[in-house]
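The values are calculated or read from the model by the stated rules, or taken from the named source; none is laboratory data. Because the structure is predicted, anything quoted here is derived from the model rather than measured. Ideal geometry is used to build each Cβ from the backbone, glycine not excepted, and the neighbour counts take in all protein chains shown.
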């Protein structure tokens, strides 16, 4: 009788798989359920947004940035708009800046809620996801009141915001925060503090500081590894320098520093910080114009410009090469999801298939932002 | 596989106790939700654009009917449209198509209270709502407020051709074109007359100069 | 009884037995089909309520006929065999699962203690062993589908069900020791109507055994938080990924029928079955109603688990079985033995312990109700008390917004 031959099993996880959140494909080699190799395969949602922008007017690019990261369209708008404002040297009115901070933080909360909820759902808890979506609807309502749309807002314009906030909107935000603060804590008690959940997430796929720097992780993923890095604090843009907020970092809430639970908890703590920022903004909101004077057809000077901003998925950069025309010569988007997914081969050796789902969830990868 | 550290007795019982505790807590929360009203707006049954019907339904969110600046499909008020093509140029995806002809000069106040002068009329104002992404970029620069978002969001049509909203009827277009032709001929006549008078004037002046 | 009736008419005994078995089987399968349909709607309604949704509400009054529509749809669907599948095993697997669960219905009581199709003297043993047939079906389905996800699901199921057999069997031991019989009717008859007469609250060890049995049963029926074989976010749909049409319906049928089997056996063994107070003895419809009520409460508990808890990981699930449930069930077993030794001659002690335990459980329920009330209060914080309007001029930012309308709310922050 010959020797029993064994071999690794290669499985395609995706492009259509319930837990890859969009169309991402992972090629995994497994020994039973233990993963030996995991290779992400991206590009299934490539819509060549960067190329399309080369034929658009500067203002006309803004609705396309909505679609780059649909979970935080306001922050995507903001990142792009800041780059153009830097180019044409426009000063944004103070009221517009505060409105931007408020809608940006509201959108950060709603984006983190999706990240938290989908991770819960990947762990098999369906109820927290739906209940978080219920709370998110209130944010969608609030953003709909200011912008008129529920997902792709196109609210920020070059040099300000498109519409002023409605009467009583600030009250509504405060009312929402009063409701949401305990409700979020309730959601945490429902799933985040659950022993089964902690056991699944803690000590799983820890990312050390060095590894995080090597792979250029940004945003909550980097902060989960215990690095205090936040563009809002490191290179304060807008009015963030006037606001008082903490930068939560992973401290080993469940086990090791930088594990999945830390990355998960950092998002929850960030939601609390956003609530704090929103409460300050409601108090500090000034009167005044909402739009700086910008020509209808913008013709920026030649040269290249880069702006960074902190979106829910981390440091998002817009690099613009301008040839002085009415549309960019080249526009490059630097997104947090791409570096997030590139670390998966390094941290998913020797974990289980069920763990890979948790890792993807904790890295908060959004497929359209990945492929642009 | 990661090797697991051996659990101490305290940790072992801690796991059991915290497991039972958190399960208890989670189950109390999910049971609490069963006593609350559902939050779904049963859309075709509830008219979500009216505040009253929303209030009567189970909905308890922030929405009081549709917000005033909801971005539904575009509508054009041709009475105040000056066919200036600004919206067409602003559209990032070219879903607006306008052709214009000359018309009688007309002065009026637009929706934002700004004075506007109309010199041209649209003979074709088509919006392809199959392409439109409701970004609102055409509405912002409009000088008179002629193009605006409606609150209509139900836009299913029978065929692709019906997806193109044609705001100028063929009769209107024909009328404008006929009028434009008249204006053009008038202008041509005027021009000719002016040229004639100019020539006459010149002719009158020239002999003087010669003389 | 029915067999005797048939033989008295002149039918040979063997034929009479077959007729009886056929009739019972027919009834059981039909009951399973209808129950699975109705409970699938109930489960979806419960899940919807827990998630602030509406749930199925289109077919029939309040959506309660949804299961008919689902059933008809599944029957009319094409039965797809994947390329390279092992056809014989692929065809057989779903029916084996239904057989395994339906077989358990032979020993389930239906209210009064003796209303059992086959009151075997090893009823509990039969129940434990016949439900193991399910694992064969699941393994077959996973293997024969020629799908890697299905295979992983099948292997997970095998590991899970085999290892949870032990806590389930051990969890039933305290009850068996108290009564001294493996017969389901005897186990039911030894209990009374009031909670302190139930086996579950007989003593702390019986309660522990009850909890271990319930947890193990959840795992054995592949329901969340132990739904690893069909973990939809990990394995797409696990072992029935490739199934469609009626064969798929069989899997769901088996799964829902298992919830009834668990509920019924828990009720019969631990929660007093359909026992009525002595004054009302003999009222069979009432007894059936009580039994169904208790069974459905257990089924609701299973749904409640499913829609609250996150899923275990495969190694944690094995840990949970071998490191937690098995030692606990051993504690229950030995503790019960010692308790019986101590309290053998003192009925007073038995009475006091069971009453105190019932009281303690009542206290826990009150504590729980308090938490529920607190959580309801949090959700009731109002959110939509102010109206918001924006005019077309304001919207374009053309004029400054008018001052906020004060509606019985402090306006200190506005415009500050």
Checklist outcome for this item: Counted residues in region C:296-317 being at the interface with another protein chain (Cβ under 7 Å from one of its Cβ atoms) and within 23 Å of residue C:273 (Cβ to Cβ) come to 1
Next on the checklist: Any residue that is out of contact with any strand residue (DSSP E or B) (no Cβ under 7 Å at 6 or more places or on another chain) and either in a loop (DSSP other than H, G, I, E, B) or buried (at least 19 other Cβ atoms within 10 Å of the Cβ) (or both) - is there at least one of those in region B:113-127?
Outcome noted: yes
Next on the checklist: Testing residue A:44 on (1) part of a loop (DSSP other than H, G, I, E, B); (2) within 26 Å of the chain's Cα centre (by Cα); (3) closer than 17 Å to residue A:326 by Cα, one condition comes back false. Which one is that?
Outcome noted: (3)
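May I ask you to say which residue of C:55, C:84, C:62 is surrounded by fewer than 16 Cβ atoms within 10 Å (Cβ to Cβ) and within 14 Å of another protein chain (Cβ to nearest Cβ)?
Working: C:55 fails: surrounded by fewer than 16 Cβ atoms within 10 Å (Cβ to Cβ); C:84 fails: within 14 Å of another protein chain (Cβ to nearest Cβ).
Of C:55, C:84, C:62, the one residue that is surrounded by fewer than 16 Cβ atoms within 10 Å (Cβ to Cβ) and within 14 Å of another protein chain (Cβ to nearest Cβ) is C:62.
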Item to check | Lone qualifier among B:140, B:147 - being in contact with a helix residue (DSSP H, G or I) (Cβ under 6 Å, 6 or more places away or on another chain), within 14 Å of another protein chain (Cβ to nearest Cβ) and buried (at least 16 other Cβ atoms within 10 Å of the Cβ) | outcome: B:147
Checklist outcome for this item: Out of (1) buried (at least 18 other Cβ atoms within 10 Å of the Cβ); (2) more than 7 Å from chain C (Cβ to nearest Cβ), the one residue A:181 does not meet is (1)
Checklist outcome for this item: Just one listed residue, out of C:188, C:199, is under 17 Å from residue C:343 (Cβ atoms), away from chain A (no Cβ under 14 Å) and touching a helix residue (DSSP H, G or I) at 6+ places or on another chain (Cβ under 6 Å), and it is C:199
Next on the checklist: Out of everything in region A:85-100 that is in contact with a strand residue (DSSP E or B) (Cβ under 7 Å, 6 or more places away or on another chain) and part of a helix (DSSP H, G or I), what residue ends up being surrounded by the fewest Cβ atoms within 10 Å (Cβ to Cβ)?
Outcome noted: A:86
Item to check | Matching entry among C:20, C:31 (being away from chain A (no Cβ under 14 Å), in contact with a helix residue (DSSP H, G or I) (Cβ under 6 Å, 6 or more places away or on another chain) and either buried (at least 16 other Cβ atoms within 10 Å of the Cβ) or in contact (Cβ under 8 Å) with a residue 24 or more places away in the chain (or both)) | outcome: C:20
Checklist entry - Which residues, counting only those in region B:158-175, are part of a helix (DSSP H, G or I) and closer than 30 Å to residue B:133 by Cα? => result B:161, B:162, B:163, B:170, B:171, B:172, B:173
Next on the checklist: With the requirement that a residue be within 14 Å of another protein chain (Cβ to nearest Cβ) and closer than 17 Å to residue A:217 by Cα, what does region A:352-370 give you?
Outcome noted: A:359, A:360, A:361, A:362
Checklist entry - Out of all the residues in region C:97-108, is one or more outside any helix (DSSP H, G or I), modelled with pLDDT of 80 or more and more than 20 Å from residue C:255 (Cβ to Cβ)? => result no
Next on the checklist: For region A:339-351, check the following and say yes or no: at least one residue is surrounded by 24 or more Cβ atoms within 10 Å (Cβ to Cβ), within 11 Å of residue A:218 (Cβ to Cβ) and in contact with a helix residue (DSSP H, G or I) (Cβ under 8 Å, 6 or more places away or on another chain).
Outcome noted: yes
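Answer with yes or no whether residue C:208 is in a helix (DSSP H, G or I) and either under 14 Å from residue C:272 (Cα atoms) or within 23 Å of the chain's Cα centre (by Cα) (or both). I'd like the intermediate steps shown before the answer.
Details: in a helix (DSSP H, G or I): yes; either under 14 Å from residue C:272 (Cα atoms) or within 23 Å of the chain's Cα centre (by Cα) (or both): yes.
Here the answer is yes, as residue C:208 does meet what is asked.
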Checklist entry - Can you name every residue in region C:362-384 that is at pLDDT 85 or above, farther than 17 Å from residue A:185 by Cα and surrounded by 15 or more Cβ atoms within 10 Å (Cβ to Cβ)? => result C:368
Next on the checklist: Based on this model, can you work out whether residue A:35 counts as within 14 Å of chain B (Cβ to nearest Cβ), under 25 Å from the mean Cα position of the chain (by Cα) and modelled with pLDDT of 85 or more?
Outcome noted: no
Checklist entry - Does residue A:81 qualify as being at pLDDT 85 or above, touching a helix residue (DSSP H, G or I) at 6+ places or on another chain (Cβ under 6 Å), more than 8 Å from every other protein chain (Cβ to nearest Cβ) and surrounded by 24 or more Cβ atoms within 10 Å (Cβ to Cβ)? => result no
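Results for (1) within 22 Å of residue C:110 (Cβ to Cβ); (2) part of a helix (DSSP H, G or I), shown as yes or no for each residue.
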site: C:23; (1), (2): yes, yes
site: C:49; (1), (2): no, yes
site: C:54; (1), (2): no, no
site: C:68; (1), (2): no, yes
site: C:83; (1), (2): no, no
site: C:94; (1), (2): no, yes
Checklist entry - Of the conditions (1) closer than 22 Å to residue C:241 by Cα; (2) assigned to a helix (DSSP H, G or I), residue C:146 fails just one. Which one is it? => result (2)
Checklist outcome for this item: Those residues of region B:66-87 which are outside any loop (DSSP other than H, G, I, E, B), surrounded by fewer than 21 Cβ atoms within 10 Å (Cβ to Cβ) and within 12 Å of chain A (Cβ to nearest Cβ) amount to B:86
Checklist entry - Going by the structure shown, is residue C:108 closer than 21 Å to residue C:263 by Cβ and surrounded by fewer than 21 Cβ atoms within 10 Å (Cβ to Cβ)? => result no
Checklist entry - residue C:78 passes all but one of (1) over 30 Å from residue C:375 (Cα atoms); (2) in contact with a helix residue (DSSP H, G or I) (Cβ under 7 Å, 6 or more places away or on another chain); (3) surrounded by 12 or more Cβ atoms within 10 Å (Cβ to Cβ); which number fails? => result (3)
